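K.L.:
Take this structure, written in C-alpha cells, and hold onto it; I'll ask about it next.
The values are calculated or read from the model by the stated rules, or taken from the named source; none is laboratory data. Just so it is clear, the model here is predicted, and its values are computed rather than measured. Here Cβ is always computed from backbone atoms with ideal geometry, including for glycine, and neighbour counts include all displayed protein chains. SASA here: full protein model, heavy atoms, side chains in, ligands and nucleic acids out. Shrake-Rupley method; radii C 1.70, N 1.55, O 1.52, S 1.80 Å.
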Amino acid sequence: MKKVVFFLVLVSVSLVSMGQNPKKFYKAGETFVKSGNYKDAIEQFTHAIELNPVGVKGYLARGEAYELSNNFDEAYSDYEKALLFAPKNVDAFYLLGRVCNKMGKYEEALSFLNNGTKSSKREEKLYPEKVITLIGLERYDKALKASDTAILFRENEINLYYRGIAFERLNNDIRAKKDFERSVGKNKRYIPARLALADLLIREGNLDGAMKHCDFLIGEDDRNTDAYLVRSRIYVAQLNYPSAINDVSRNILVEPDNPDHYFSRGVYYQDFNQHSNAINDFSKAIALNDSDPDLYFKRAHSYEELMNFKQAAKDYSTITALSEFDMRARKLLKEANDRLYEINRETDIPVVTLVSPLISNSMVEISADAEKVMVSGSISEASELKSLKINGNESLFERGTNGIYEFLTNVDIEDIDQIEIIAMDDYDNVTHLKYGINRTEISPPQIVIIAPYASDDGEIYLENLSRNIYVEGRITDESKVKSIFIEGVTASYAVNDMNPSFAATIDVMNKNKITVVAEDIFGNRQISEFKLNRDGAAINADNPMGKTWVVFVENSNYSTFASLDGPVKDINLMKRALANYQIHNIIHKKDLTKVEMEKFFSIELRDMIRSNQVKSLLVWYAGHGKFVNDVGYWIPIDAKRDDEFTYFNINSLRAAMEPYVNYLTHTLVITDACESGPSFYTAMRSTPTIRSCDDWEATQFKSSQVFSSAGYELASDDSQFTRTFATALTGNPNACVPIEEIVSKVTMAVTNNNQQKPKFGKIAGLRDENGTFFFITK
C-alpha cells in the first residue's frame, strides 16, 4: 500500500513538472562525474529527479555518483528506488550487487546478482561481480565456476585475475599463477594482478621475480602503497629489515592516518627485536583504530619482551573485553587468556578477613543457643579465587567493584566446636584458617528512653505537637551494642562503650508509637515499642512555671517496718487533685529499696530533668521516716529496723538534688512521713506570705522549698496533711495557687486537729532566690 501511495505522489509531481526538461540536468551531471566532481554531479542529478521522479535513469546515475564518493548508503537507496520503478532492471540489480559487495553485505549482494541473471543470463557484467561476492562468502568452488562463465564472455585482465584468486584460495597456486601471468599479459599496468603474482612468487621463494613486479609498479607510481608493502615482505624474506621498515615508512608519508601501515612497521620492528619502536607504532595504530584486537595482541607481546608485564596484562585484558563483540578478538581470546594466566602467576596466599561472627583470641563468639551462624567476610586476592570452603562445604563468593572478594554463608554449627575456612586461588595458593567456637550470652539489650520521658509501661509523653522529636535513651546489655535504630533511623552512640547512651531525631508525624531496635554484637535483638502520649502538648505555652513534673515516691510494703495503707490512698488522692492543673508528667515510684532510691535521685531523675528540660519539680514522699542523731531519714522498704546505715539519708537527697539547680527554676519537696526531722531546712520561714501569679519575681526567680508533715513527732497513717493539701487544690477557684496558700491551710487544719505541726522552709544547701512554687490550673 505504501508503495502505491508513493508512486501516486511521484506521478502527481511529474505532471506538475512537465514544463521543464530534466535532460539538461542529467547531461550536466554526467559531465561533472567525468571530471570527478561528484558533489555537483549529485546536485544536477537531484534536479533531474525532481523534474522526473519516476525516471529510473536519474536514480541510477545519482546512485553511481554517491558510490564514487564512497557514500554507499545513499547509493544503495537510489538503486533501490530505481528497482521500485523498474522491478526487472538488470542495471539496478548489478549496481545493488556491486554496492553491497563494497559494504561487505555479500549475502544481499548475491541475492541481487542472482535476480539479475534470472532477468538476463547474457548480461556479462553480472558474473565478474558475482565472483567477488562468492569470494567474499568464501564459496571458492562456486566462485571458480562463476569466473569461468565471466571469462567465456570476456577474457580480460580482471576476469583472469579473479579466477586466479579463486584458484589461490583453493590452494592451487599453479593455476593461480598462470591466470595472474595471463592477466598481466593482457594489461601490464593492471596493479592487482601484478601484486598477487608478486605475493605468489614470494611464497615460491622467487624473490627476484617478485621484486621485479614491485619495482615495475613503483616505477609507474612512486606513491603505490600496496607495491611498497609487498616489496617490504620481500625484504623481510631476505632478512633485510631496515629496507622493509623503510618501505613501510614511505607508505606512512603517503597515508599518515592509515593504521595498517603502523601495524606493518610495528611487526617488522618486533621481528627486528626493536620492541620500543614496535610499541610506539602499535600505539599509533590503536589511536587510529582502537577496536582491532591484533594491535593489542602484538603490542602486548613487545611489552612482555621488555618485561613490562603490567602493561602487557592490560592489553590482553582489552582483548578479552573486545571478544564479546569482535570475531577476530574471539580467535585471539584463548591465547590472550593463556598469556594473562602466566603473566599474573604469583605465590601469595589469599588474605581472608572474617567480619562475622566476631573473633577474639582465635575464637569466634556465637550465641549459646544458635544452631546456625551467618559467616561473612572478605578475601583480598590478586588472582582469581578458585574455591572457598567453610566447614567442608563450598561457599559462594563474588568479586566487588574494589577487587575484593566477599562471601556470605549460613553455616550449621550444631554439635560443631570450630569453624574451618579454606580459600584457594587460581594458582593453587591456599589459606587454611581454624577458629574455635566460644558460646556467648543470649540476653537481648534492655532499652530505656530518657527523653522525652517514658513511663515504666512504655508511654512517652510529648510536650508539643512538633513533627520531629529528639529521643535520648540508654542501653543495658552484657555485651557491646552493634546497632540501634529508632523508627528506622540509625541512632548515634559510642560504639565501644558498654551500656551506651544513644540519641536520634525522628519524624513522628501521624504516628501513635515509635519502635526502637537494639542488637548486640552477638546478634541478640530487642524490639521495644513506645506509645506516644500527646496530652502534655496541650500545656499552655505561657505557663509561668514552664514544664512541670511531679514525682511520687510511695513506700508501703516494708520488710521489717510496719506496712502502711496511707501512702497508696494519699497519692491516689493527690493525683486526682492535680488532674486539673498543668502538670506535664507524673512519675510514680513504688516500694523503692535504698539502692533504687539512691540511683533514682542521683542519676535517673537528674538525667530525665536535663534531657526533658524540666523547669519545675515537685517530689512527694509518702512512707516511714526517722530522725536519728540529728539526721532525718526516709525509710526504704528493705531497711532494717535497727540499722541506721540501711536508711535513706535526707542529706543524701539534698546532695543528689544539687545538680538539679542547673536545670530547674523551682524545686518543691513534700514529705508526708513521721520523724523526718528539721535537718532538711536551713531556716524556717516566718508566717508565709501569700504570693501572686502576676509576681514575675516569684515565678522566674529560683526556689528550693520543703514542706513536711512532721518534725520530731510520730506521723499518723491517716494523713490529715494530705487530705487538706488535696482539698486546697481541688477547691481552688483561681487560675493558680501558690504553695504558701496551701501551707497556710494545711498548717491550720493539722494544728486544729491536734496533729503534729507541719514545717515549711527552704532546702539547706540549695540555691533559693525567694521565688516560689505555683500550681497553675488548666
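K.L.:
What strands (runs of 3 or more DSSP E), lying completely within the stretch 696-778, carry at least 3 residues that are modelled with pLDDT of 90 or more and surrounded by 15 or more Cβ atoms within 10 Å (Cβ to Cβ)?
P.N.:
Qualifying strands (runs of 3 or more DSSP E): 703-708, 736-738, 774-776.
K.L.:
Counting only residues that are of a type in the set (A, V, I, L, M, F, W, C) and under 60 Å from the mean Cα position of the chain (by Cα), which one in the stretch 162-201 is nearest to PHE216 (Cα to Cα)?
P.N.:
LEU195
K.L.:
Among GLU335, GLU342, which is open to solvent by 20 Å² or more (accessible area, probe 1.4 Å), assigned to a helix (DSSP H, G or I), of a type outside the set (S, T, N, Q) and without any contact (Cβ under 8 Å) to a residue 24 or more places away in the chain?
P.N.:
Going through GLU335, GLU342 in turn, just one is open to solvent by 20 Å² or more (accessible area, probe 1.4 Å), assigned to a helix (DSSP H, G or I), of a type outside the set (S, T, N, Q) and without any contact (Cβ under 8 Å) to a residue 24 or more places away in the chain: GLU342.
K.L.:
State which residue pairs qualify: first residue under 15 Å from SER479 (Cα atoms) and touching a residue at least 24 places away in the same chain (Cβ under 8 Å) and inside the stretch 493-512, second residue of a type in the set (S, T, N, Q) and open to solvent by 60 Å² or more (accessible area, probe 1.4 Å) in any location, beta carbons under 6 Å apart, and separation of 6 or more residues or different chains.
P.N.:
The qualifying pairs are ASN499/THR476.
K.L.:
Checking the conditions here, which among GLY473, GLY488 is touching a residue at least 40 places away in the same chain (Cβ under 8 Å) and not hydroxyl-bearing (Ser, Thr, Tyr)?
P.N.:
GLY473 is the lone residue from the list that is touching a residue at least 40 places away in the same chain (Cβ under 8 Å) and not hydroxyl-bearing (Ser, Thr, Tyr).
K.L.:
Looking only at the stretch 496-529, count how many residues are part of a strand (DSSP E or B), of a type in the set (D, E, K, R) and either within 14 Å of ILE460 (Cβ to Cβ) or open to solvent by less than 50 Å² (accessible area, probe 1.4 Å) (or both).
P.N.:
So the answer is 4.
K.L.:
Still on this structure, I have one more. Would you please name the residue that is nearest to GLY377 (Cα to Cα), looking only at residues in the stretch 392-423 that are of a type in the set (S, T, N, Q), within 29 Å of the chain's Cα centre (by Cα) and not in a loop (DSSP other than H, G, I, E, B)?
P.N.:
Per the stated criteria, the residue is THR409.
K.L.:
I'm checking my understanding of the structure. Among residues of the stretch 379-391 that are polar (S, T, N, Q) and in a strand (DSSP E or B), which one is modelled with the lowest pLDDT?
P.N.:
SER380
K.L.:
Does LEU170 meet the test of being hydrophobic (A, V, I, L, M, F, W, C), under 30 Å from ASN206 (Cα atoms), surrounded by fewer than 22 Cβ atoms within 10 Å (Cβ to Cβ) and touching a Phe, Trp or Tyr at 6+ places or on another chain (Cβ under 8 Å)?
P.N.:
In short, yes.
K.L.:
Now for a different question. Take the conditions open to solvent by less than 30 Å² (accessible area, probe 1.4 Å), among the aliphatic types (A, V, I, L, M) and over 25 Å from TYR162 (Cβ atoms) and apply them to ALA65. Does it pass?
P.N.:
Judged against the criteria, ALA65 is a match.
K.L.:
List pairs: first residue in the stretch 121-143 and of a type in the set (S, T, N, Q), second residue open to solvent by 60 Å² or more (accessible area, probe 1.4 Å) anywhere in the structure, Cβ distance under 7 angstrom, at least six positions apart or on different chains.
P.N.:
THR133/TYR106
K.L.:
Among residues belonging to the stretch 259-291 that are touching a Pro at 6+ places or on another chain (Cβ under 7 Å) and over 20 Å from ARG233 (Cα atoms), point out the one that is modelled with the lowest pLDDT.
P.N.:
Applying the filter and picking the extreme gives ASN289.
K.L.:
Just to be sure I understand, how many residues within the stretch 425-442 are of a type in the set (Asp, Glu) and either closer than 13 Å to SER360 by Cα or assigned to a strand (DSSP E or B) (or both)?
P.N.:
Total meeting the criteria: 1.
K.L.:
Of everything in the stretch 297-325, what is open to solvent by 20 Å² or more (accessible area, probe 1.4 Å), part of a helix (DSSP H, G or I) and closer than 23 Å to ASN273 by Cβ? Give them in sequence order.
P.N.:
PHE297, LYS298, ARG299, HIS301, TYR303, GLU304, GLU305, PHE309, LYS310, GLN311, LYS314
K.L.:
While we're on this one: Can you tell me which residue is farthest from the chain's Cα centre (by Cα) among those in the stretch 87-107 that are part of a helix (DSSP H, G or I) and among the basic types (Lys, Arg)?
P.N.:
The extreme case among them is ARG98.
Yes or no, residue by residue, for (1) open to solvent by less than 40 Å² (accessible area, probe 1.4 Å); (2) farther than 14 Å from GLY58 by Cα; (3) at pLDDT 50 or above:
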| residue | (1), (2), (3) |
| --- | --- |
| PHE7 | no, yes, no |
| SER14 | yes, no, no |
| SER17 | yes, yes, no |
| PRO22 | yes, no, yes |
| GLY29 | yes, no, yes |
| LYS39 | no, yes, yes |
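K.L.:
Counting just the residues of the stretch 151-165 that are more than 19 Å from ILE191 (Cβ to Cβ) and either in a helix (DSSP H, G or I) or touching a residue at least 60 places away in the same chain (Cβ under 8 Å) (or both), which one comes out most open to solvent (accessible area, probe 1.4 Å)?
P.N.:
Going through the qualifying residues, I end up with LEU152.
K.L.:
A further question follows. Is the stretch 276-285 home to any residue that is more than 19 Å from LEU200 (Cα to Cα), open to solvent by 30 Å² or more (accessible area, probe 1.4 Å) and among the acidic types (Asp, Glu)?
P.N.:
Scanning the stretch 276-285 turns up no residue that is more than 19 Å from LEU200 (Cα to Cα), open to solvent by 30 Å² or more (accessible area, probe 1.4 Å) and among the acidic types (Asp, Glu).
K.L.:
Regarding the stretch 108-117, can at least one residue be identified that is in a helix (DSSP H, G or I), over 20 Å from LYS27 (Cα atoms), free of Cβ contacts under 8 Å to residues at least 40 places away in the same chain and acidic (Asp, Glu)?
P.N.:
Scanning the stretch 108-117 turns up at least one residue that is in a helix (DSSP H, G or I), over 20 Å from LYS27 (Cα atoms), free of Cβ contacts under 8 Å to residues at least 40 places away in the same chain and acidic (Asp, Glu).
K.L.:
Run ASP417 past the list (1) at pLDDT below 90; (2) open to solvent by less than 20 Å² (accessible area, probe 1.4 Å) and report the number of the one that doesn't hold.
P.N.:
Status for ASP417: all satisfied but (2).
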